[in-house]
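Contents: one structure, followed by commentary.
The values are calculated or read from the model by the stated rules, or taken from the named source; none is laboratory data. Every value quoted in this text rests on a predicted model; they were computed, and no experiment measured them. Using ideal geometry, Cβ is built from the backbone for each residue, glycine included, and neighbour counts are taken over all protein chains shown. To get the accessible areas, we keep the full protein, side chains included, count just its heavy atoms, and leave off ligands, DNA and RNA. Shrake-Rupley method; radii C 1.70, N 1.55, O 1.52, S 1.80 Å.
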Amino acid sequence: AQQGFPIGYFWGLKTAGVFQNESEVQNYKSANGKVLQPTASPGDVKYVDTNGDGVIDNLDKGMIGDPNPNYTFGITFSGDYKGFDFSIVASGVAGNDIVQSYRNQSNQFGNYTRRILDRWHGEGTSNYMPRVTEDNRNWSNFSDLYIQKGDFLRLSNITIGYDLGRVLKKGYLKQVRLYAAALNVHTFTKYDGMDPEIGYGPEGEAETGSKQFASGIDLGFYPRPRTFMFGANLRF
């Protein structure tokens, strides 16, 4: 990484929308009047010539995302009243980015996500999601099209209980607590993947024969289920 950049940052091309018509393609020029993407067609991604040399290439790549959150937080709240008890546990992060690697449409056999329904299919239809092409040209370069904000707040546990021992009043029973709990209740996030809490995951094993662990890369982890539990605690 270059000095001043965060560890594990994402390196790629920046985009500036989608070409809406042929006139936009021809008028997207460098300072010396050179058409920057002469082979582009309406519906293709517009890449940013960050170094101003009149060519879109690897020299234009830079930091397009940071997997490291600015804040990591947890919230716990609990209480009891006249035999009832309850607790709430939540956690989350803010300020991080996620790469949706399973959205790699450069592979013609890859699956599309539902976001492709918002693709460009005519002038004015989309200025973010490019058109679908047979060669998947708009996904062959790693760009900020793959990047999404990973902020989330997960309501991970809600538990409510009641001590029946207050009613039964048996000398040999100190507590007869019945409870109900819900796990993974809800996740508040704008991330449209299956789960924003992806952590670390193995990358590159198939290509290199060894595992490389990368942060902030969503490989399509299966989301954790929402679980409901009922139970009893007996104390003698």
Just one of (i) 1.01; (ii) 0.94; (iii) 1.17 is Rg/Rh (Cα atoms, Kirkwood Rh) as worked out from the coordinates here. Which one is it?
(iii)
Charges only on Cβ, +1 for Lys and Arg, -1 for Asp and Glu: so what's the dipole of the chain about the Cα centre, in debye to the nearest 20?
1640
Residue 166 - accessible surface, heavy atoms, 1.4 Å probe, Å² rounded to 10:
120
Got a sec? What order do 179, 128 fall in by accessible area at 1.4 Å, biggest, i.e. largest, first?
128, 179
Using a 1.4 angstrom probe on the protein heavy atoms only, could you order 168, 13, 59 from most to least accessible area?
59, 168, 13
Using a Förster distance of 30 Å, the FRET efficiency for residue 11-residue 53 (Cβ separation, nearest 0.05):
0.95
Skipping prolines and chain starts, which residues have an amide H placed within reach, meaning under 5 Å, of the one on residue 18, given they are 5 or more residues away or on another chain?
46
Give me the three principal axis extents of the range 6-101 from the C-alpha atoms, as integers in angstrom, largest value leading.
77, 31, 22
Whole-percent carbon and sulfur contribution to the accessible surface of the chain (1.4 Å, no ligands, DNA or RNA) stands at 54
What residues have an amide H closer than 5 Å to that of residue 126, excluding those fewer than 5 places away on the same chain, when H is modeled at 1.01 Å from N in the peptide plane?
121
Would you mind calculating the gained length between residue 82 and residue 121 on full extension (0.36 nm times residue separation, minus the Cα-Cα distance), in nm to one decimal?
7.8 nm
Kindly report, to the nearest 10 Å², the accessible surface of residue 30 as traced by a 1.4 Å probe over protein heavy atoms only.
20
In debye to the nearest 20, how big a dipole does the range 29-81 give about its Cα centre with +1 on each Lys and Arg Cβ and -1 on each Asp and Glu Cβ?
260
Given Cα pairs under 8 Å that are at least 6 residues apart, what percent is the relative contact order of the chain?
19
On average, how much accessible surface per residue is there in the chain, in Å², for a 1.4 Å probe, leaving out ligands, DNA and RNA?
61
Tell me, what ³J(HN,Hα) does each residue in the range 62-69 have, in order and in whole Hz, if you take phi through Karplus 6.51 cos²θ - 1.76 cosθ + 1.60 with θ = phi - 60° and put x for Gly and Pro?
x, 6, 10, x, 9, x, 8, x
